[in-house]
1. Please give, to one decimal in nm, the separation of the simple spin-label points placed at residue 30 and residue 51, each 7 Å out from Cα toward the Cβ.
2. Using the beta-carbon distance between residue 99 and residue 58 and R0 = 22 Å, what value does 1/(1 + (r/R0)^6) give for FRET efficiency, to the nearest 0.05?
3. Cβ neighbours within 10 Å, averaged per peptide: list 40-49, 87-96, 64-73 in order, most packed at the top.
């Protein structure tokens, strides 16, 4: 929802090291602060952005990231390099688009 509110100003940056096939470690707060600063968003929208990022990270960690093809993971992480903020929402959207489906996380055991 938040990404629709901020339009095309949402940017990425992956500056953290990743395990070989592990989920990238991104800073949701930095991403939301960047968007808040660029779009002059009020605090409640910032807090909703943080929640969206946490939800997307949870979905990715819940199995979507590991079930995605290696080529999809590589493309989606490389698309984030050289940009200004980090976003699990954008990473999740990219993986879903690359996989041409809305992969669902596996249920906890």
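1. With each label placed 7 Å out from Cα toward Cβ, I get 2.5 nm.
2. Once the sixth-power term is evaluated, E becomes 0.80.
3. 87-96, 64-73, 40-49
Rule-based calculations on the coordinates, nothing more; no lab input. Note that this is a predicted model, so its numbers are computed, not measured. Note: ideal-geometry Cβ built from the backbone for every residue, glycine included; neighbour counts use all protein chains shown.
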